[in-house]
Amino acid sequence: MPSRKFADGEVVMGRWPGSVLYYEVQVTSYDDVAHLYTVKYKDGTELALKESDIRSQSSFKHRKSQSSSSSPSRRSSSRSRSRSRSPGRPPRGRRRSASQSREQKDDKKKTIQETSLAIPVFILFKPSENNTKRYNGEPESTEKNDTSCIVLEQKLKPDLEVKRVLEQYSLRPRKDEKKKEEIFSEKKTFMAVKPIEKVPTKTKEMEFGGRIGTFMMIFFLPATVFYLLLMCKQDDPSLLNFPPLPALDSLWEWRVFGVYLLWFFLQAVFHLLPIGKVVEGLPLSNGRRLQYRINGFYAFLLTAAAVGALLYFQFELHYLYDHFMQFAASAAAFSLALSIYLYVRSLKAPEEELAPGGNSGYFIYDFFTGHELNPRIGSFDLKYFCELRPGLIGWVVINLAMLLAEMKIHNLSMPSLSMILVNSFQLLYVVDALWNEEAILTTMDIIHDGFGFMLAFGDLVWVPFVYSLQAFYLVGHPTTITWPVAAAITVLNCLGYYIFRSANSQKNNFRRNPADPKLANLKFIPTATGKGLLVTGWWGFVRHPNYLGDIIMALAWSLPCGFNHILPYFYVIYFICLLIHREARDEHQCKQKYGLAWERYCQRVPYRIFPYIY
């Protein structure tokens with residue numbers, strides 16, 4: 001194995017990926033397997049670079065001094081020197097007049113900022129102080145509302161950078177066709193250089209309590225689901241009244257498992273239908289963009305038609321309520337089998353396709369967090385499919401089954417007002433998620449987390465069986481509320497939904513097209529990545545206004561269940577803890593990604609989720 005050339009802590013000059021620019025960086029670590037150096041730029045950005053893209057400061061400065069004293073053409077043979085003589089320079093042996101000398105000085109003034117393309121690239125680009133400030137996310141003014149700068153940075157291609165290099169760093173005039181051909185040849189040489197691929201390194205900072213914490217959560221999460229469901233079936237669902245453990249054989253029924261498999265693969269068929277638009281996700285570490293078909297709302301309509309057909313033919317949908325524990329057990333078993341399959345196939349996945357947070361090298365941790373980022377069977381993306389389809393649409397079907405079960409058990413001609421509110425609020429939430437399906441491509445689940453037990457169990461078990469807890473509770477514990485109370489709860493839910501949707505729309509529209517005239521009033525802080533951090537609108541109010549709206553809606557979903565027991569409020573309590581933990585993960589990643597720009601943003605927007613509180 002080749003020995004490393006640069007030591008940890010050494011200050012060197014590192015090339016910015018995809019460009020010819022070199023900046024001062026500090027070596028933080030070295031990956032012996034991938035042979036990559038992890039370097040840290042002045043703004044806090046950390047990248048993995050190859051050894052060939054790093055230069056020592058001493059050699060950098062030495063070569064620069066040589067190039068300033070003489071150009072390569074002056075060090076060549078006399079024949080070459082006479083052929084490359086500039087038009088303003090007289091032939092050898094001929095005296096120059098004063099006017100000619102002045103013309104030569106004027107010509108030097110015009111080209112004083114230019115340098116020969118023959119000089120090595122890493123000598124040419126030592127950033128000035130102003131350029132360094134812009135690169136580090138330190139503009140002259142902290143906030144901007146001119147979105148044109150972000151557009152230019154986002155659209156910057158190697159072709160444009162080559163053009164700038166050719167225009168600014170050529171010492172020779174390009175009036176003759178021969179020189180144009182030489183420049184065009186050099187341009188093709190530049191364009192042939194591929195951007196550096198950032199290969200994921202081993203996960204160093206483990207979350208969720210590391211190996212021990214993730215091992216415990218593999219057992220704790222299923223136990224929590226069954227505990228909550230058993231509590232809801234009791235007459236007195238208080239926390240101190242622990243439910244009796246059911247017999248293991250009562251939790252499993254093959255017919256129920258078959259119905260669950262039928263549901264899962266029916267949603268897969270709906271997902272594969274050639275309807276809906278196809279969009280590209282965010283760039284991966286190797287620069288590739290995956291394609292996704294956006295047809296979740298169509299799948300929901302087809303599911304609604306299928307459920308309506310079952311009800312028309314007198315199918316008893318409250319079968320879900322009668323076998324709710326068995327359905328939860330079937331979903332848990334399927335998610336476990338899927339997680340094992342995902343981990344086994346990830347062992348053969350290329351290094352660049354592994355998840356940045358699930359590549360620790362420890363079996364339990366990688367199994368839980370997900371080893372592979374975007375596992376696919378052909379064009380079928382398993383993580384993207386499970387994120388919205390079986391669990392989220394299943395949540396609505398379960399709620400409907402609970403509504404019908406309540407009417408049958410209590411001999412009601414119409415569902416209770418509490419059940420109507422819970423079904424309506426959560427139906428709005430699911431339909432909104434499916435209608436705005438494309439927005440999920442920018443979430444942490446898609447761009448950062450691998451697909452392992454955590455997401456598989458969460459999507460297929462936790463979402464449909466825990467998020468429907470209020471409806472399940474109301475079947476066995478009916479609660480009566482008045483119309484004024486129902487109106488107040490509805491207003492609260494609408495407020496949360498408005499904050500949630502408008503904040504997400506503002507963020508997604510800004511990411512998609514920062515130059516949109518409708519967003520001209522928004523101010524932002526530029527970053528070294530080319531993206532902007534919004535400091536006005538909802539994102540200038542708190543750092544995660546969408547989380548705030550989510551929590552308000554979660555409270556509105558629990559209030560129709562009354563205040564006799566805390567069990568229906570488990571969801572809102574859990575959701576607050578979940579979003580606070582997710583906000584901490586966001587904070588850590590954004591600080592590494594945006595550096596000084598993120599620190600400026602935190603100073604500008606001090607509150608994370610709850611204004612004036614947290």
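Values for this structure:
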item	result
Segment 330-480: C-alpha gyration tensor shape, a/c 1.5 cut-off, then a/b vs b/c	prolate
Amide proton proximity set for H371, modelled H, under 5 Å, gap of 5+	F451
Global form of segment 209-480, assessed from the alpha-carbon gyration tensor, a/c cut-off 1.5	oblate
Largest-first ordering by accessible area, 1.4 Å probe, given options W598, W483, W263	W483, W263, W598
Segment 209-480 - percent of accessible surface contributed by carbon and sulfur, probe 1.4 Å	69 percent
For segment 284-312 versus segment 10-29, the gap between their alpha-carbon centres in whole angstrom	44 Å
Span from the segment 568-601 Cα centroid across to the segment 342-367 one, whole angstrom	24 Å
Spacing of the two label points (7 Å from each Cα toward its C-beta) at A268 and D432, in nm	3.2 nm
Rounded accessible area of F215 (nearest 10 Å², 1.4 Å probe)	100 Å²
Filter on K383/K523; K233/K408; K518/K593; K5/K591 - keep pairs with C-alpha separation over 26 Å	K383/K523; K518/K593; K5/K591
In Hz, Karplus ³J(HN,Hα) per residue of segment 458-464 (6.51, -1.76, 1.60; θ = phi - 60°; x = Gly, Pro)	x, 6, 9, 10, 5, 4, x
Derived scalar couplings ³J(HN,Hα) [segment 346-354; Karplus, 6.51 cos²θ - 1.76 cosθ + 1.60; whole Hz; x for Gly, Pro]	5, 5, 9, 6, x, 4, 6, 9, 7
Accessible area in the full protein assembly, largest first, 1.4 Å probe, for E583, E207	E207, E583
Label-point separation in nm, H588 to S3, each point 7 Å along Cα→Cβ	3.6 nm
Which of W254, W538 is most accessible, then next, and so on - probe 1.4 Å	W254, W538
Accessible surface of segment 481-613, 1.4 Å probe, proportion on carbon and sulfur as whole %	64 percent
Under 18 Å from the A349 label point (7 Å along Cα→beta-carbon), backbone N, segment 204-242	204-207
Distant-in-sequence amide H partners of Y30 (H built 1.01 Å from N, under 5 Å)	T38
Estimated FRET transfer efficiency (A488, E46; beta-carbon r; R0 51 Å; 0.05)	0.55
Label-zone membership for segment 532-568, site Y498, 7 angstrom Cα→C-beta point, backbone N under 18 Å	537-542, 545-557
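The values are calculated or read from the model by the stated rules, or taken from the named source; none is laboratory data. Because the structure is a prediction, the values reported are computed rather than measured. Because the Cβ atoms are built from the backbone with ideal geometry, glycine has one as well, and the counts that use them run over all protein chains shown. Accessible surface areas use protein heavy atoms only, side chains included; no ligands, DNA or RNA. Shrake-Rupley method; radii C 1.70, N 1.55, O 1.52, S 1.80 Å.
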